[in-house]
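These notes concern the structure reproduced below.
The values are calculated or read from the model by the stated rules, or taken from the named source; none is laboratory data. Please read these numbers as outputs of a predicted model, since none were measured by experiment. Positions of Cβ are generated from backbone atoms using ideal geometry, with glycine treated the same way; all protein chains shown enter the neighbour counts.
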Amino acid sequence: MSANGSGIGASVKRKEDTRFLTGRGRYTDDINLPGQLYGYILRSPVAHADIGGIDTSAAAAAPGVHAIFTGSDMEGVGGIPTGWLIHSKDGEPMVEPGHPALALGKVRYVGDCVAIVVAETREQAKEAANLIDVDYQELPAVASIEAAEAEGAAQVFDEAPGNVCYDWEVGDRAATDAAFDEATHVVSIDVVNNRLIPNAIEPRAAIANYDPATGDYTLYTTSQNPHLIRLLLGAFVLGLPEHKLRIVAPDVGGGFGSKIPHYAEEAILTWTAGQLGRPVKWTCERIDAFKSDTHGRDHISTARLALDADGKFLGLHVSTKANLGAYLSTFATCVPTYLYGILFAGPYTTPAVYCEVKSFFTNTVPVDALRGAGRPEATYLLERLVEKAAVELGMDRVEIRRKNFIREFPYQTPVALQYDQGDYDATLDLALKASDWAGFEARRAESAARGKCRGIGISTFIEACGIAPSAVVGSLGARAGLYESGSVRVHPTGSVSVFTGTHSHGQGHETTFAQIVSDMLGVDFEAVDVVHGDSAKIPFGMGTYGSRSLAVGGTAIYLAVEKVIEKGKKIAAHLLEASVEDIEFENGSFTVAGTDRSKSLGEVALTAYVPHNYPEGLEPGLEETAFYDPLNFTFPAGTHVAEVEVDPETGEVEVVAVTGADDVGRIINPMIVDGQLHGGLAHGIGQALLEECLYQDDGQLQTGSYLDYTMPRAADLPSFNINHNTTLCTHNPLGVKGVGEVGSIGVPPAVINAVIDALRPLGVNDMAMPATSQKVWQAIQQAQG
Amino acid sequence: MNDFTYHAPTSLDEALAALRGGGDGAKLIAGGHSLLPVMKLNLASPTDLVSLAGVPGLGDIADGGDSVTVGAMCRHAQVAGSAVVQARIPALAAMADGIGDAQVRNAGTIGGSVAHNDPAADYPAACVALGATIVTDRREIHSDDFFQGMFATALADDEVVTAVRFPVPARAAYAKFANPASKYAVAGVMVADGPAGVRVAVTGASGDGVFRVAEMEAALGASFSGEAVAGVAVSSDGMLSDTAAGADYRAHLVTVMAKRAVEACG
C-alpha cells in the first residue's frame, strides 16, 4: 500500500460533508413521490389495556381522509420478527410472543401502534386520528424490572409467566464457585445501567410505494441496514419475494443502534401502500420518537469478584436482570446476552467467569441496541467493581488493573471470546502520561482551595466489534449471517464506483472507503465514489452496527479490489506480452518486473471494456465482488481517564478533563476516527451524568421530551485529549478493529469512578448513573448525616 | 397544532381590536417561545394569534437617567447586548444573556416573558428584585402587584404590555441554577440594592411563581454579604418538584444561589 495525500492514514475532509453542511443531503423526509398520501400513526396513550373496540367512523368522514387501518385489517399479515433466538439455562427456547404491527386486541406500551390514518396532508391525517375513539380497558402495567418480577405482577404476555423471556447463562458456574471458595477477598457491587433514549437528530421516516404495473414495492426508510429490513419485511411480515421489494435507506441522520430494528411502521406503510396503490409517507414527530424509537440499556446487576491475597482476580460472578420492553425488537435478545456476558473477562486474566442474565417483558418501549449495545453495560459493571476492589483492598487502582492484565495473545477467555491481539499496558501507560495522572493531587488541592471537590477515575477496557463469524453466531441463535459484501466497478476510463452492503449514517464511509480504494488502486480519491443504502444497487449486505463497517465491510472492499488487481494483471500481461507472474501493480500501474514497461490502470480498464486486443478466455469488464465472513470479532481496547470537579454546595459535576488512549487498529482517516471518539465520549458522558429515561409506575413516560430528558451539550464537555497506540488486528488484511462505540463503552465508568473519588473525602462511596446534581447533593447530605 | 387565524396588526390599536375581536380564543404572540411549544402539543389551541411583530415602538431601550425602559418586544439578546443596559444595570444584561440558548434569546421577548409569567422564567425575578414597573397600553403596574402566581398576572384579557421600566440599582446580581435539560431556572435569585432597599426575588423554585425572601432582605439590610444569607434557609413547602429537582433540593438551591448573587454584587 502506498501512502498518498488522500490514501490510508490521511485526514481527508469528508466527501459527504459538502452536501450535509450545505443542506443538500437527501434524507427520507426529503423524498416526495407523485400522488403520495400521508400516514399518521395513532399510538396508545396507555401502557397496558384491552382494546374493547375502535370506532373510526368520525375520523373516516374527516376532510381528506383516504383510509384508516387498524389491527384487525392487518390480522392476516405476519408479525414483526426478532433476529436472535436465545436458549435458557435449562435448554428451553426463549418465550417469543407475537408482535402484530398494529395492536390486535391489546396495547402493551405507551406508543404502541394502534391505527394508521391516510389522508391528503399530514395535518389532515393527524387531525382525523384525534377523532378515532378507542375503547381502552386499562390493565395494571409493569413499567420496570422490579415491577415485572414482583409476585402477582401484571402479565405483559400470557405465555411468559413472571414476564420472563429467558434465563440465560455463560461461563463455568462450578469453576467460578470454586474460585470464590479459594478467595482471600470477595468484593461485591450492585449497579444499575440507566435506560437511555437514543435521540438521533433525524427522526424516523418512511415512504412506501407500490407499482401495480410491475407488482414492485419500494420502501424508503431511515435504516442502518436496508437488506436486513428487506429480509425481515419481505420474508417474515408481508411474504414478498426479494426481487419485488426494494429498500432504500438514503442519507440517514444518525442511528446509534435505534435504526437497526425492523419497525412496525415500515410494515404498516408498505402494506398500506399496497392496499391503496399510492405512495404513503410517514415522518415521526420528535414527541413520538421518544416513545417509539427503541430505547437502550436498562439493567439491574449484582456482581462479586474473588481475589487472592495479592489482588489477583480469581473469579467473577455476575447476575443481571435486563428489561426488554413490551415486544422483542430485532436484536433485543442478543444485546444483554451475547454482546454482554461474553465481555466479562475484560482485559483481565480472571480464570473463572460466570454470568447469568434474566430478561423481562415490561409495558415500556422495546429495548434494543444503543451505541455499544451490551458492551457498555459489561464494561461499566466490571470497571466499577475493579475500582471498588482496589479501594476495599487498599490497593492502587492502577496497579490492581496492571496486575491482572492479559499479556499473551491469542488469549482464550473463559467466556467464549478469543482475543487475537492487544497491548493493554501501552494504552494504560499512554493514558497515565497524557492525563498527568501523577500530578493529580496538586490539581485536587487547587480545586479544594476554590471549594470544589476534584476526583479522577480510570477505566481499562476491551470491546468486541464486528460480530462474527456467521457459523458461530448462527450456532448461538442468530437468524442471519454476519458477513459483508463489497463490489468494485472500475469504469472504462478508470474512475471507480464502490458498492458496499454497510450503511453510512454519520460514520463517513464515503470518505474512508474511498481512501482505501484510492490507495490500493492508485487512482485519485475524487475518482472513487461509494454507493450504499439501496437494495437495488448494492449486493446483499448486513449493514452498519457494532463498529463492524470497516473491519467487515472495508475488508470485503479490500478483497474485491484485490480481485480487480488480479484480473488487471492478466489483461496487462497480455498487452505487455509478458507472463502474468511477472506483472507487478503499484501506484496505479501494471509493470513487468524489472523493466520500465507498464500499462496504467486506465489503459487496462479501457481494454477490459473495449476488448479488441484481449486475453483469450478472459471475461470482459473490470468489476469484482467479494463477500467477507470474518474469522473472529475484532478487539479494540484502551484506557480512559476522566477528571471531574464537584461543587459540593449544588452537587453539580463538571467534567474538566477526559483522556483517551485507544487501540482501534489501523487508522484509515485520523480525523474521522477522532470524530467518532469524540461522539462516543459525548454519548458516554451523557449516560454517566445526564441521560435517564424514566417511567411512572403506570407506564407513562416521564422523560418524554427535551424538557425533561437531558442530552449532552457542547458546554457539558471538555476538550478531549485523544491518544492512540495501535496494534493491528491479526485476522483482517487492513489490521482494522473499529471505533464507533469506543467512547460510550470506555468512559462512563471512568466518569463515575472520578465522581466517587471526588466525593470519598465527604463519605460518599457509591454513585449511580446518571450522577445528576440532585443525586450528588443528596448523597453528600446522606453521608454528612 | 390546530388551525388558527393569524393577525399581523401594524398599530397597537389594531392589535387591541384583533385581540378583542377574537374573544376568549385570541392570544397575543411576541417571540412565541412559550406559546408555540404548548400549541404544538395541543396544550393550548388559540383560535386567533395576534402578532406584535409589526407594531412600531415596542422594540426600543431608553436610558431615563435613574431608570431604564425596555420595550416589550425587545429580544433577550437585544437586552443582553444593549450598551445602555450593560452600563446602567449590568445584572439585567447578564441575566438576559443567560436565558435559554442563542435561538431563544434571539426570538423570545421581555414582554412575552413577563406576560406569560412562567414560574421558571428569569425575568420575573429581575422585575421584582429591581422593583420594575410594567407599562401597558393603558396603565402602569408595579411588579409587586403584577405577578400573581403561576402563569397569572394583573393583566386584563385584552391588555398589552408595552414596556418594562427598571429603576437603576446601586448594585445587583442574578444567580441561576438551571434545569440541565430545559435550561429553565430551577432556582434563580436576583438580589438588588436599589432605591427601594435590598430586595431578594426568587424564580423557578415555587409553585406560586416569583417570590421575595423577607428574611434574606432583612439580613442583607443589616450586612450586605454572602455570609448574611448563607444561613437563611427557605422552606420547601410549596416548592416545585420534578425529576431534576425535588422540593428540598430546590429550597437548598435558593439559599446557595442567593449567597452567590450577593457575592457577585461585589
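Details
- Hey, B:GLY131 touching a residue at least 24 places away in the same chain (Cβ under 8 Å) and within 14 Å of another protein chain (Cβ to nearest Cβ) or not: no
- Scan of the range A:218-257 for residues that are within 17 Å of the chain's Cα centre (by Cα), on the phi > 0 side of the Ramachandran plot and surrounded by fewer than 21 Cβ atoms within 10 Å (Cβ to Cβ), ordered by number: A:GLY254
- Screening the candidates A:THR218, A:THR214 for the property of being touching a Lys or Arg at 6+ places or on another chain (Cβ under 9 Å) and in a loop (DSSP other than H, G, I, E, B) yields one hit, A:THR214.
- Sole residue being surrounded by 16 or more Cβ atoms within 10 Å (Cβ to Cβ) and within 14 Å of chain B (Cβ to nearest Cβ), chosen from A:THR639, A:THR634, A:THR591, A:THR650: A:THR650
- Any hit, the range B:198-211, residues being away from chain A (no Cβ under 14 Å) and more than 21 Å from the chain's Cα centre (by Cα): no
- Residues within the range B:215-239 that are more than 12 Å from every other protein chain (Cβ to nearest Cβ), part of a helix (DSSP H, G or I) and free of Cβ contacts under 8 Å to residues at least 40 places away in the same chain, tallied: 9
- Yes/no for A:THR727 being among the hydroxyl-bearing types (Ser, Thr, Tyr), in a loop (DSSP other than H, G, I, E, B) and more than 14 Å from every other protein chain (Cβ to nearest Cβ): yes
- The set of residues from the range A:340-383 being surrounded by fewer than 24 Cβ atoms within 10 Å (Cβ to Cβ) and assigned to a loop (DSSP other than H, G, I, E, B) comprises A:THR349, A:PRO351.
- Against the test of being more than 10 Å from chain B (Cβ to nearest Cβ), within 30 Å of A:ASN632 (Cα to Cα) and either touching a Ser or Thr at 6+ places or on another chain (Cβ under 9 Å) or in contact (Cβ under 8 Å) with a residue 24 or more places away in the chain (or both), the options A:ILE780, A:ILE722, A:ILE756 yield a single qualifying residue, A:ILE722.
- Filter pass, A:GLY746 being out of contact with any helix residue (DSSP H, G or I) (no Cβ under 6 Å at 6 or more places or on another chain) and buried (at least 23 other Cβ atoms within 10 Å of the Cβ): yes
- Any chance A:SER292 is among the hydroxyl-bearing types (Ser, Thr, Tyr), under 30 Å from A:PRO336 (Cα atoms) and in contact with a Gly (Cβ under 7 Å, 6 or more places away or on another chain): yes
- The set of residues from the range B:245-266 being assigned to a helix (DSSP H, G or I) and away from every other protein chain (no Cβ under 13 Å) comprises B:ALA261, B:VAL262, B:ALA264.
- The set of residues in the range A:33-45 that are surrounded by 20 or more Cβ atoms within 10 Å (Cβ to Cβ) and not small (Gly, Ala, Ser) comprises A:LEU37, A:TYR38, A:TYR40, A:ILE41, A:LEU42.
- Filter pass, A:ASP674 being closer than 19 Å to A:GLY735 by Cα, modelled with pLDDT of 95 or more and either within 14 Å of chain B (Cβ to nearest Cβ) or surrounded by 24 or more Cβ atoms within 10 Å (Cβ to Cβ) (or both): no
- Checking A:ALA445, A:ALA416, A:ALA390 one by one, the residue that is small (Gly, Ala, Ser) and out of contact with any helix residue (DSSP H, G or I) (no Cβ under 8 Å at 6 or more places or on another chain) is A:ALA445 and no other.
- Screening the range B:168-186 for residues that are within 22 Å of B:VAL68 (Cα to Cα), buried (at least 18 other Cβ atoms within 10 Å of the Cβ) and away from chain A (no Cβ under 11 Å) and picking the one that is nearest to the chain's Cα centre (by Cα) gives B:TYR174.
- Taking each residue of the range A:14-37 that is farther than 21 Å from A:GLN676 by Cα and looking for partners that are assigned to a helix (DSSP H, G or I) with beta-carbon atoms closer than 9 Å, six or more apart or interchain, yields A:ARG24/A:THR18; A:ARG26/A:ARG19; A:LEU37/A:ALA125; A:LEU37/A:THR272; A:LEU37/A:ALA273; A:LEU37/A:LEU276.
- Considering the range A:659-671, and only residues there that are farther than 16 Å from A:ALA431 by Cβ and touching a Lys or Arg at 6+ places or on another chain (Cβ under 9 Å), the residue that is farthest from the other protein chains (Cβ to nearest Cβ) turns out to be A:ARG666.
- Conditions (1) in a loop (DSSP other than H, G, I, E, B); (2) within 30 Å of B:GLY57 (Cα to Cα): number failed by B:ASP242: (2)
- Considering the range A:79-187, the qualifying strands (runs of 3 or more DSSP E), each wholly inside and each with 1 or more residues that are in contact with a Phe, Trp or Tyr (Cβ under 7 Å, 6 or more places away or on another chain), run over A:113-119, A:164-171.
- Residue in the range A:693-705 that is of a type outside the set (Asp, Glu), in a helix (DSSP H, G or I), over 15 Å from A:ARG195 (Cβ atoms) and out of contact with any Cys (no Cβ under 9 Å at 6 or more places or on another chain) present: no
- Test: A:ASP662 is under 30 Å from A:VAL755 (Cα atoms), under 27 Å from the mean Cα position of the chain (by Cα) and at pLDDT 95 or above: yes
- Residue among A:HIS491, A:HIS503 that is modelled with pLDDT of 95 or more and surrounded by fewer than 19 Cβ atoms within 10 Å (Cβ to Cβ): A:HIS491
- When the range A:526-556 is limited to residues that are of a type outside the set (Val, Ile, Thr) and in a strand (DSSP E or B), the one that is surrounded by the fewest Cβ atoms within 10 Å (Cβ to Cβ) turns out to be A:ASP529.
- Here A:GLY522, A:GLY508, A:GLY533, A:GLY546 are screened, and the one residue that is at positive phi and modelled with pLDDT under 95 is A:GLY546.
- Leading residue by the ranking (nearest to B:ALA121 (Cα to Cα)) among those in the range B:4-37 that are touching an Asp or Glu at 6+ places or on another chain (Cβ under 8 Å) and within 14 Å of chain A (Cβ to nearest Cβ): B:SER34
- Only one entry in A:TYR628, A:TYR709 is touching a helix residue (DSSP H, G or I) at 6+ places or on another chain (Cβ under 8 Å) and at the interface with chain B (Cβ under 10 Å from one of its Cβ atoms), namely A:TYR709.
- Meets criteria (of a type in the set (Gly, Ala, Ser), in contact with an Asp or Glu (Cβ under 7 Å, 6 or more places away or on another chain) and not assigned by TED's automatic domain parsing to the domain that holds A:THR337) for A:ALA128: no
- If you filter the range A:550-576 down to residues that are of a type outside the set (A, V, I, L, M) and more than 26 Å from the chain's Cα centre (by Cα), you find that the one that is farthest from A:VAL673 (Cα to Cα) is A:HIS574.
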